Amino acid sequence: MINFEEELKKFHLSLEIEEAEEALYKKNLTDLADLVVEIVKDVKKNEE
């Protein structure tokens, strides 16, 4: 039978995951809400 407590003690994240996670958090990613806000700003600006 698997001893989950022992297995959890052995668990370590791989460097690739940590490096990828860090790179993603450092980037300023545009999401759908950001795009909608920009589109609304542009529409209002063009209406003036």
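When you filter the trypsin sites (Lys or Arg not before Pro) in the chain for DSSP loop state and at most 10 other Cβ atoms inside 10 Å of their Cβ, you are left with Lys27. Only helices enter this figure: runs of n ≥ 4 DSSP H residues, each worth -39500 (n - 2.57), summed and divided by the residues of the chain, yield -22500 deg cm²/dmol at 222 nm to the nearest 500.
Our compactness index for the chain, the C-alpha radius of gyration over the empirical 2.2 N^0.38 Å, is 2.29. Between Glu38 and Lys10, the simple label model (points 7 Å from Cα in the Cβ direction) yields a spacing of 4.7 nm.
Read the figures in this text as sums done on the coordinates, not as results from a lab. Quick caveat, the model's predicted, so the values are computed rather than measured. Reconstructed Cβ throughout: ideal geometry from the backbone, glycine too, with neighbour counts over all protein chains shown.
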